[in-house]
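Nothing in this text is a laboratory measurement; each read-out follows from the coordinates by a stated rule. Remember, predicted model here, so these are calculated numbers, not experimental data. So basically every Cβ, Gly included, is an ideal-geometry build from the backbone, and we count neighbours across all protein chains shown.
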Amino acid sequence: MNFERFQNQSRLYVIGALEPEETEEFEKARKKFGKKGEDFIAKCYDLHEAFALSLRPAKSSDTIKERLMAMVKAKKEP
Amino acid sequence: MVPPLEPGAPTDLELMERIQARDDDALAQLYDRYNGILKALILRVIHNEAEADDLLQEIFMEIWNQAKNFSAQKGKPLGWMVTLARRRAIDGLRKKQAYARAEERLQNETEQQPDAWVHNATEDEIVLGDTRALIRKVISRLPPAQQQAIDLAFFKGMSQREIAAKTNTPLGTVKTRLELGLKKIYDGLKDLRDEL
């Protein structure tokens, strides 16, 4: 697998869209490309952030934060 | 790519470091900053307000519990939170009996408006230079079929085969749509990063 192909596969990998039969070849290429490959995969995760930011933010129920913080405080107590 | 912060506001990384040190006020600030984005992501997956609110609470609890596993060397806090939220939302979708109902709704969406993902981008927003609008602009430039394939893969957790079956499209075509679409978005984000 050349690096251009690896880049295409990496973008599929980070969104979980690699098919099982592609995964083995991808993992071999990942080892072959080492740090260069890992750095590229890390950059591909920016796609997650972008997809989330592409959506219009939604309003949450006002009680969610209160419940969350109460649970966190309860968990912190010895 | 993260929207700009108010002057003097702690960065996401600073908040994560404080959360790792068990500062619950930092979690509250992170919640205020990102609950809307994460809720939108969850809603895009499960299409149910009450379930989305419950899941949002669980996800922020997981952020609190798993904060020690966050490493800035592997990525940014928002990316980590989105990855976590997406996984939980897709797991939730698959576990719940409501999956069948969501499938039916998805079927309707797929048939009626395959490009609904970013239909709300407006020129006004783009002129304002809003990061979010710029990202939507990058995505909205994709052909609808590429947008649809990425939407089904990312927000519904579908495999290439599932997308092929759902859209009645050859598997090779789905693969090509995903590869081309993701490359265009990736390249568009690279340009965006250079601009910011």
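Annotations
- Least to most buried among B:ASP53, B:ASP24, B:ASP151 (fewest other Cβ within 10 Å first): B:ASP24, B:ASP53, B:ASP151
- Here chain A is assigned +1 on the Cβ of each Lys and Arg and -1 on the Cβ of each Asp and Glu. Its dipole about the Cα centre then comes out at about 440 debye.
- With distances taken between every two different alpha-carbon atoms, the range B:127-178 has a Kirkwood hydrodynamic radius of 11.8 Å.
- Net charge dipole, the range B:1-45: roughly 300 debye, given to the nearest 20, about the Cα centre with Cβ charges of +1 for Lys and Arg and -1 for Asp and Glu.
- Per-residue mean of C-beta atoms belonging to partner chains within 10 Å, peptide B:38-45: 5
- Evaluated with a Cβ-only charge set (Lys, Arg +1; Asp, Glu -1), the range B:1-96 carries a dipole of roughly 600 debye about its Cα centre, given to the nearest 20.
- Per-peptide average of other Cβ atoms within 10 Å, ordering B:27-34, A:58-65 highest first: B:27-34, A:58-65
- Sorted fewest first by neighbouring Cβ atoms within 10 angstrom, B:LYS39, B:LYS68, B:LYS96 come out as B:LYS68, B:LYS96, B:LYS39.
- Two-site label geometry, B:ARG161 and B:ARG22: point separation in nm, points 7 Å out along Cα→Cβ: 4.7 nm
- Shielding by partners, peptide B:20-30 (average Cβ within 10 angstrom, other chains): 2
- Among the listed pairs A:LYS28/B:LYS96; A:LYS31/A:LYS59; A:LYS31/B:LYS190; A:LYS76/B:LYS74, those whose Cα-Cα separation exceeds 32 Å are A:LYS28/B:LYS96; A:LYS31/A:LYS59.
- Most positive-pole-ward Cα, B:LEU84, B:ILE37, B:MET16, against dipole of the range B:1-95 from beta carbon charges: B:LEU84
- Peptide-level mean, for B:85-92, of C-beta atoms on other protein chains within 10 Å: 1
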